[in-house]
Amino acid sequence: MKPLLYSFRRCPFAIRARLAIKVSGVDVDTQEVSLRAKPKEMLECSPKGTVPVLKFADGQVLEQSLDIMHWALKHNDPEHWLDDDRMITADMLTLIQRNDEWFKPKLDLYKYAVRYPQHSEAYYREQTELFLVDLEERLKNTGHLLAGRHTLADMAIFPFIRQFCNVDPDWFCASRYRNVVRWLDDLLQSELFLSVMRKEGE
Ligand SMILES: N[C@@H](CCC(=O)N[C@@H](CS)C(=O)NCC(=O)O)C(=O)O
């Protein structure tokens, strides 16, 4: 029996998991869940209640998006998203950690600024910008975050920059982060991304 991925189409954590699964070619079934009515079977195997979750027939469960990415890429990594070099791997994981732990909470404040009226949307956006400055600098030479090719870092981070862009696309597209805009645009137009965003029947 194939593993079952509980996913939510627009969730950046679920998108990164689906990207790695897709590129690796490993065969899984995907179940789209409603975050307002999570399936009982998902909560039974992963009570923390976030997506993505990958459930195996033998009862094993992966409930962190990065673990799912690693699992898929260990099976098959045709585009060489992982790297044997310890320094590159450390750089990759540190950058992803900064995205998940530093940038993402600030992105949520920006995204849901109306819920936090003590500051303006522009203020919350400004709080995120150190991360964009870092990405912009990294993309300057090769158009990739590190190692001169798309790695786990690019693929794990761009779904969050997509969310950032979607808050105010006009601001983002006119911003000084020209390399980030181009990088995101390329990734959003890639067949890989489009294929993991397709709705059933499309
Ligand atoms: N650390 C988790 C975070 C996953 C996460 O927070 N997912 C969000 C959706 S984007 C979620 O399921 N939130 C639960 C909810 O909204 O009820 C991972 O990397 O998989």
Residue check, Lys55 against (1) over 18 Å from the mean Cα position of the chain (by Cα); (2) away from the ligand (no atom under 16 Å from the Cβ), all met but one. Which one?
(2)
Answer yes or no as to whether Arg162 is loosely packed, with under 15 Cβ neighbours inside 10 Å and not in a loop (DSSP other than H, G, I, E, B).
no
Could we say that Phe103 is under 17 Å from Met155 (Cα atoms) and more than 13 Å from the ligand (Cβ to nearest atom) here?
yes
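One line per residue, one yes/no per condition, for (1) over 22 Å from His144 (Cα atoms); (2) within 11 Å of the ligand (Cβ to nearest atom); (3) modelled with pLDDT under 95:
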site	(1), (2), (3)
Leu4	yes, no, no
Leu19	no, no, no
Leu66	no, yes, no
Thr89	no, no, no
Note down all Cβ pairs under 8 Å where the first residue falls in region 94-121 and is farther than 23 Å from Leu82 by Cα, the second is within 11 Å of the ligand (Cβ to nearest atom), and they're at least six residues apart or on different chains.
Leu107/Phe160; Leu107/Gln163; Lys111/Gln163
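For every residue, the table says whether it meets (1) surrounded by 12 or more Cβ atoms within 10 Å (Cβ to Cβ); (2) over 23 Å from Arg162 (Cβ atoms); (3) in the same structural domain as Arg149 (by TED's automatic domain parsing).
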position	(1), (2), (3)
Ala14	yes, no, no
Gly25	no, yes, no
Gln31	yes, no, no
Asp91	yes, no, yes
Leu95	yes, no, yes
Which one of Thr151, Thr128 is under 22 Å from Leu54 (Cβ atoms), in contact (Cβ under 8 Å) with a residue 24 or more places away in the chain and of a type in the set (Ser, Thr, Tyr)?
Thr151
Residue pairs meeting the criteria (Cβ under 6 Å; at least 6 apart or on separate chains; first within 19 Å of Ile96 (Cβ to Cβ) and in contact (Cβ under 8 Å) with a residue 24 or more places away in the chain, in region 17-43; second β-branched (Val, Ile, Thr) and within 13 Å of the ligand (Cβ to nearest atom))
Ala17/Ile68
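The values are calculated or read from the model by the stated rules, or taken from the named source; none is laboratory data. Bear in mind the structure is a predicted one, so any value in this text is a computation, not a measurement. Neighbour counts are summed over all protein chains in view; Cβ atoms, including those assigned to glycine, are modelled from backbone coordinates with ideal geometry.
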